[in-house]
Number of protein chains: 2
Amino acid sequence: MPDYKVPVNDYLFLFNDVLDMQSKYKSVQGGDEASNDMVEAIFTEAAKFCENELAPIYQSGDDGCTWDNGVVTTPAGFKEAYQKFIEAGWTSLTGSTDMGGQGLPSSIGIAINEMMTTANWAWAMYPGLSEGAVATLETSGTEQQKKDYLVKLISGVWSGTMCLTEPHCGTDLGLMKTKAVPNDDGSYKVNGTKIFISAGEHDLTDNIVHIVLAKLPDAPKGTKGLSLFIIPKFLVAEDGSAGERNGVRCGSIEHKMGIHGNGTAVLNFDDAKAFLIGEPNQGLAAMFTYMNVARIGTASQGAAAAERSYQGAAKYARERLAMRSISGVKNPEGPADAIIEHPDVRRMLLTQRVIAEGGRAMVTYASQFADLYRGGNSQEERDAAEIRLGFCTPILKGFITELGVEAANHGVQVFGGHGYIKEWGMEQILRDSRIATLYEGTTGIQALDLVGRKVLMDKFKQLNVFTGEMLSFAGQFLPWKKSPQAKQMRKQAWTVAKLAIKWRYLAYRMAMRAKKNPDNVGASSVDFLMYSGYAYMGFMWAKMSFAAHKQLAAGGGDKNFLESKLHSAEFFFERILPRADAHAKTLSANLESLMAMPTSYFE
Amino acid sequence: MPDYKVPVNDYLFLFNDVLDMQSKYKSVQGGDEASNDMVEAIFTEAAKFCENELAPIYQSGDDGCTWDNGVVTTPAGFKEAYQKFIEAGWTSLTGSTDMGGQGLPSSIGIAINEMMTTANWAWAMYPGLSEGAVATLETSGTEQQKKDYLVKLISGVWSGTMCLTEPHCGTDLGLMKTKAVPNDDGSYKVNGTKIFISAGEHDLTDNIVHIVLAKLPDAPKGTKGLSLFIIPKFLVAEDGSAGERNGVRCGSIEHKMGIHGNGTAVLNFDDAKAFLIGEPNQGLAAMFTYMNVARIGTASQGAAAAERSYQGAAKYARERLAMRSISGVKNPEGPADAIIEHPDVRRMLLTQRVIAEGGRAMVTYASQFADLYRGGNSQEERDAAEIRLGFCTPILKGFITELGVEAANHGVQVFGGHGYIKEWGMEQILRDSRIATLYEGTTGIQALDLVGRKVLMDKFKQLNVFTGEMLSFAGQFLPWKKSPQAKQMRKQAWTVAKLAIKWRYLAYRMAMRAKKNPDNVGASSVDFLMYSGYAYMGFMWAKMSFAAHKQLAAGGGDKNFLESKLHSAEFFFERILPRADAHAKTLSANLESLMAMPTSYFE
């Protein structure tokens, strides 16, 4: 397993030069703390932590957690790293100041999460899950609940989980069976079994705060009858510490394809004492905040897989010698040329790279709405940001995780047969990355969310806002606008404009077809999601090109870095973007080609 | 892990109705034995063996081989299954009659290999590797070598391996270091280390016959200085049995991503006694036969992964309930509809299915050339068949294995989170399938073989033959030809014709660009390979459509099966084939977008 070097310069390029987050922080609570220098200092420190503490225990963490009679032990080094992590105050970075947090904008936390995931995916899930619990309690918890749990979660001395899935229901939460009945003291008693609970049991913290969906007696059927509860592993004692053991036990941990360092627990709730969050039967609404947080985090994981895999493959490709370059010997002293000289190896490396950097840009772009959603100065601003974020979320989660798996596959491929051998570490990245298109809503579910709720039910409003931004970006480079970058940007700007228009057209056309037969929605949803992803990523690559051209023209910045951006952008537009057309064509195919075959023929 | 049911009807449809192998067997040695009835009986028996003996130990085989001081033990049940396998005479099916084989055409063996791989990938590799050794000895062994080894290999009491790779060289065999020096008795003494030797050490047979590439003293540099040797684990005793232990030891077995049931050995040759095959320094030429065999076998593995994964996913999708169908309730008695009713789940299932069936058709089509290559009645016929097979091989191996991984990914995805859990078996298929794009030459190497040797150096001759066949197939349905299927086939036939023409155009264009800069070859090779694969697969789907239409018109055959073929073909043309255009567009992109970035920027 190669080392991981955090591309701090790329994060700073995005924050400062491409997206100018500074100017946006002005209207975000806590944003005035986040000066350029402060952000750079934080990223630099976070990078050190990731490189020195997390990355070195990534591969050994693949040995996995062990379960013994309900007790889960994390891999060697995980607990020590976690201790250093909370001591350095990393968990509290973006937490509310009145709960002991530092109150910095979410975008900074999102970037650091990505670094941590790249360094050590399974480890990073522990604090990642806590964040979901924090977000839920911040939004929907009572003051007492915040005092009891939020402070401990923000400081990281306790961790959190989200308990949704049951053996017979993942996506379709309405089928849930876990039951909650009221106790006399205002608390509840919960019985049932939850599965696939990431970070559900471990030895990193003194207590684990489970956020659990369950049904009250006489709850309405389906998802309208779900309520949300806090179920701590240990009940809070008088002095606020972890007290009496509660009725939740880890029945086993799953044997998975990857992310072995994270204990994926089966949790049995046996008369567990529970505390209602928000209103009865409003549990799903209270979960939405968590879902937005979790889905951005998962989208980052796609970029993380691509980055880690790229770094490993690029190093190997520079060192491994095989065959001579077809266009002439490149390494005359050696017995063969480095494989990076072979065009097809470059193709794989650049594909990984544009996925990593393009995905990171997509997430960072959306993180400005996460900042406003959480820290906007008015309810209006917050609501508007929530809607903008909500449009981006399924694209980010669905598209980037799919491409993350692709990138990890290329990483294995660059290594040839060695890629398949555990000791090189590349296959672990692939196995780990594979979970990301499954959890927090599969790609298919993201696609339905995008098409159904975020485009059709929204009557194209957010699609028009997003594509409007693409068009006005492209419009800067029209000849009469006299932009100094007009000539350099003309081709990419024109492509971005075409993507925006076609994206709208595809959406309208899909709406027409859905009127004829609603199955057209599901039949084209994943292709529409993928088209959306390529359009969004294309927009980001054009923005990065523009920022790089500007800086190069001004003579500032790191020339190699900026030129790499231009080369990568060119690669994206020439050699990756053609895929978008294939998705456009497929999503316009006739419905019969998918639905006409009788179910009984699927044997 | 779901059961595996061999789709015997699909094999028979291909052999009898689509490709009419019977008529082709007339000009193949041993072909007269292979009547329709005989082929059906063989497939039916093979299916029983696969379903009853191999499939049940597929998942448990994932526990893997164990290594103890050079001794490798295969997973529980593997040895017993192998014993039954050789007792039933399966290894000798296609072997030469004068060496104890049954002399049946290779195409039958290729089909059965695919069934066995689908049932149990890691297990099927043991006899699979023996076949490579058999092919090499049949072509290049002396009579004495055949007597000593071939009879034992064909009967299966001994097994074989192919030892090429060394730690520092896989593809670039010219860098090889293993040395052979002549002994006084005409034998040789070999020293060196080989890695990644599939089936390199195990407990299934009394002896293992290693076919090893090594360098003689004063051999020419590079691949022209390689010689091929037989190095048996035990030297052949006077009575023909396994005698004295030879100097080859298994230093370790690799820890891999998958195919755990096959021991992938590091073999140390320490003054091992070796016997030259063929002429000195002509080792690579003697390996070509093996490579053709191995690459077809690996191509089949792509179809196998798709089939096994499809069967598991289709069963799950019929049973798992979640959400209601958007076009109306399909399962009113249940709490939700089966997920197979959701269009996106169907999309994944049909994608798997067209890969499995389309890939199988591609391999079967090529196997007619394998028959002629091995059993053609004249040298001229055999040479012509070798060239036709040689054109198909890199497409089959490169394209079908890539799509096999895709299909296995869909299989995991249909299961949602459960797909990631070992107990369900879907992730194992994915892990196993991942090796196929790496071994026996990566996809990139297949692409260079296709573009460089099989298209450009061949001056488009074989491409013209193949595409000519596509055009004459399509031409049958021109209006004035009065084919009864003209109307039904018009659209697909027109698409096949367009594919053929564009395939030629892309090849000519690539040749022009290669003249300007040879790096254009490597820059477009994988996209060209993928385009070729979709074109070839499209041709197969059109042929299958035609056969199904004819049978339905005649009122014969299994209606459900034939209609499924038509639905699947429609799905392929409408929803998979658009990808070909994306590859065409990408392979025409400017070279600078790939090669302009300096190597030093790949950090």
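Of the heavy-atom accessible surface of segment A:62-113 (probe 1.4 angstrom), what whole percent is carbon and sulfur? Show your work: numbers first, answer last.
On the way: 1090 of 2270 Å².
Of all accessible area on segment A:62-113, carbon and sulfur atoms account for 48 percent.
Residue A:429: net charge of surrounding residues, Cβ under 13 Å, Lys/Arg +1, Asp/Glu -1, itself excluded?
Working: positive: A:308, A:422, A:431, A:434, B:434; negative: A:62, A:307, A:406, A:427, A:432.
Result for the neighbourhood of residue A:429: 0.
Within segment A:1-103, list the trypsin sites (Lys or Arg not before Pro) lying in a DSSP loop whose Cβ has at most 12 other Cβ atoms in a 10 Å radius. Before the final figure, lay out each step's value.
Values: sites: A:5, A:24, A:26, A:48, A:79, A:84; in loops: A:5, A:26.
When the trypsin sites (Lys or Arg not before Pro) of segment A:1-103 are filtered for loop state and at most 12 Cβ neighbours within 10 Å, A:26 remain.
Please work out how much accessible surface residue B:236 shows to a 1.4 Å probe, ignoring ligands, DNA and RNA, in Å² rounded to 10.
40
Cα atoms only: what Rg and Dmax, in Å, come out for segment B:286-442?
Here Rg and the maximum Cα pair distance are 19.4, 67 Å.
Evaluate the distance, in nm, between pseudo-label points positioned 7 Å from the Cα of residue B:223 and of residue A:458 along their respective Cα→Cβ axes.
About 5.3 nm separates the two model spin labels.
Report the convex hull volume per residue for segment A:295-342, counting only C-alpha atoms, in Å³.
Working: hull volume 3.1 nm³, N = 48.
Enclosed volume per residue, from the Cα hull, is 65 Å³.
Please report the spacing between the Cα centers of segment B:72-108 and segment B:220-248 in Å, no decimals.
One Cα centre to the other: 22 Å.
Leaving out same-chain residues fewer than 8 places away, which lysines sit with a Cα under 18 Å from that of residue A:84?
List returned: A:48, A:152.
Which of the peptides A:179-185, A:237-243, A:261-267 is most tightly packed, and how do the rest follow, judged by the mean count of other Cβ atoms within 10 Å per residue? Don't jump to the answer; show the numbers that get you there.
Details: A:179-185: 13.9, A:237-243: 11.4, A:261-267: 27.0.
Put in order of decreasing packing, that is A:261-267, A:179-185, A:237-243.
Between B and A, buried accessible area summed over both sides at probe 1.4 Å, in Å² to the nearest 100?
Details: alone 25440 and 25370 Å², together 42520 Å².
Counting protein atoms only, the buried area is about 8300 Å².
Only Lys, Arg, Asp and Glu count, each charged at its Cβ (+1, +1, -1, -1), so figure out the dipole size of the protein assembly as shown about its Cα centre, rounded to 20 debye.
Details: 124 positive and 134 negative charges, 1020 e Å.
In debye, rounded to 20, the protein assembly as shown gives about 4900.
Which entries in B:194/B:256; A:315/A:422; B:502/B:550 show an alpha-carbon gap greater than 19 Å?
Working: B:194/B:256 17 Å; A:315/A:422 17 Å; B:502/B:550 28 Å.
Over 19 Å Cα-Cα: B:502/B:550.
With an 8 Å Cα cut-off and a minimum separation of 6 or more residues, compute the relative contact order for segment B:286-442 in percent. Numbers along the way, then the final one.
Numbers: 223 pairs, mean separation 54.6, N = 157.
Relative contact order of segment B:286-442: 35 percent.
Heads up, I need the accessible area for residue A:465: 1.4 angstrom probe, whole protein in place, Å², nearest 10.
Its heavy atoms expose roughly 60 Å² to the probe.
With every protein chain in place, what's the accessible area of residue A:342 (1.4 Å probe, Å², nearest 10)?
30
Any idea what the relative contact order of segment A:445-594 is, in percent, if you count C-alpha pairs under 8 Å spaced at least 6 apart?
Values: 133 pairs, mean separation 39.3, N = 150.
Here the relative contact order equals 26 percent.
Quick one: ranking B:445, A:501, B:395 by accessible area, 1.4 Å probe, largest first, what do you get?
Working: B:445 45, A:501 100, B:395 0 Å².
If we order B:445, A:501, B:395 from most to least accessible, we get A:501, B:445, B:395.
Straight distance only, please: which aspartates and glutamates reach the Cα of residue A:454 with their own Cα at less than 15 Å, same-chain residues fewer than 8 apart left out?
List returned: A:383, A:386.
Show me the three semi-axes of the equivalent ellipsoid for segment B:485-554, from the C-alpha gyration tensor (sqrt of 5 times each eigenvalue), largest first, rounded to whole Å. Intermediate results must be reported in sequence, preceding the final value.
Numbers: eigenvalues 230, 24, 6 Å².
Square roots of five times the eigenvalues give 34, 11, 5 Å.
Go through A:296, A:399, A:327 and say which Cα lies farthest out towards the positive end of the charge dipole of segment A:286-442; charges sit on Cβ, +1 for Lys and Arg, -1 for Asp and Glu.
Farthest towards the positive pole: A:327.
Relative to the longest principal axis of the C-alpha atoms of chain B, give the angle of the C-alpha long axis of helix B:519-554, reported between 0 and 90° and rounded to the nearest 10°.
On a 0 to 90 degree scale, this one is about 60.
Taking one equal scatterer on every alpha-carbon of the protein assembly as shown, how large is log10 of I(q)/I(0) by Debye at q = 0.09 1/Å?
Calculated log10 I(q)/I(0) at the listed q: -1.13.
Name the long-range amide H neighbours of residue A:72: under 5 Å, sequence gap of 5 or more, or other chain; modelled H, no Pro or chain starts.
Result for residue A:72 returns A:202.
For helix A:78-87, report the angle its Cα long axis makes with the longest principal axis of the Cα atoms of chain A; keep it between 0 and 90° and round to the nearest 10°.
90
Any idea of the accessible area per residue across chain A, 1.4 Å probe, to the nearest Å²?
Values: 21230 Å² over 603 residues.
Solvent-accessible surface per residue comes out at 35 Å².
If you put +1 on each Lys and Arg Cβ and -1 on each Asp and Glu Cβ, how big is the dipole of chain A around its Cα centre, in Debye rounded to 20?
Values: 62 positive and 67 negative charges, 542 e Å.
Computed charge dipole of chain A: roughly 2600 debye.
List the chymotrypsin sites (Phe, Trp or Tyr not before Pro) in segment B:225-281 that DSSP assigns to loop (not H, G, I, E or B) and whose Cβ has at most 13 other Cβ atoms within 10 Å. Which are they? List each step's numbers first, then the result.
Values: sites: B:229, B:234, B:269, B:275; in loops: none.
When the chymotrypsin sites (Phe, Trp or Tyr not before Pro) of segment B:225-281 are filtered for loop state and at most 13 Cβ neighbours within 10 Å, nothing remains.
Please give the Cα centre distance for segment B:557-579 versus segment A:13-71, rounded to the nearest Å.
Value for the Cα centre distance between the two parts: 49 Å.
Run the numbers on chain A and let me know its relative contact order in percent, using alpha-carbon pairs under 8 Å that are six or more apart.
Details: 1095 pairs, mean separation 74.8, N = 603.
That works out to 12 percent.
With +1 on each Lys and Arg Cβ and -1 on each Asp and Glu Cβ, and nothing else charged, work out how big the dipole of segment A:14-65 is about its Cα centre, in Debye to the nearest 20.
Numbers: 3 positive and 11 negative charges, 43 e Å.
Roughly 200 debye for segment A:14-65.
With heavy atoms of protein chains only and a 1.4 Å probe, what residues of segment A:512-527 have at least 10 Å² less accessible area in the full set of chains than alone?
Buried by the other chains: A:518, A:519, A:521, A:522, A:523, A:526, A:527.
Projecting each Cα onto the charge dipole of chain A (Lys/Arg +1, Asp/Glu -1 at the beta carbon, about the Cα centre), which of A:561, A:316, A:129 comes out farthest on the positive side?
A:561
Would you work out which of A:370, B:47, A:241 lies farthest towards the positive end of the dipole of the protein assembly as shown? Charges go on Cβ: Lys and Arg +1, Asp and Glu -1.
My answer, from the dipole projection, is A:370.
So what's the angle, to the nearest 10 degrees on a 0 to 90 scale, between helix B:578-587 and the longest Cα principal axis of chain B?
It works out to around 60 degrees.
With a ≥ b ≥ c the root eigenvalues of the C-alpha gyration tensor of segment B:1-146, is it rounded (a/c under 1.5), prolate (a/b larger than b/c) or oblate?
Details: a/c = 2.54, a/b = 1.26, b/c = 2.02.
In terms of gyration-tensor shape, oblate.
Using the Cβ atoms and a cut-off under 11 Å, what net charge is assigned to the surroundings of residue A:583, where Lys and Arg are +1 and Asp and Glu are -1?
Values: positive: A:502, A:579, A:585, B:575, B:579; negative: A:527, A:581.
Local charge sum for residue A:583: +3.
How many angstrom separate the Cα center of segment B:391-422 from the Cα center of segment A:386-429?
What the calculation gives is 16 Å, centre to centre.
Given a 1.4 angstrom probe, I'd like the percentage of the accessible area of segment A:286-442 that is carbon and sulfur, rounded to a whole number.
Details: 2180 of 3940 Å².
Carbon and sulfur atoms account for 55 percent of the accessible area of segment A:286-442.
Roll a 1.4 angstrom probe over the protein heavy atoms and tell me the percent of accessible area of segment B:449-593 that is carbon or sulfur.
Numbers: 3490 of 5890 Å².
Of all accessible area on segment B:449-593, carbon and sulfur atoms account for 59 percent.
The values are calculated or read from the model by the stated rules, or taken from the named source; none is laboratory data. Source: prediction; values computed, not measured. FYI the Cβ positions are ideal-geometry reconstructions off the backbone, even for glycines, and counts take in every protein chain you see. The area values use the complete protein model at the heavy-atom level, side chains included, leaving out ligands, DNA and RNA. Shrake-Rupley method; radii C 1.70, N 1.55, O 1.52, S 1.80 Å.
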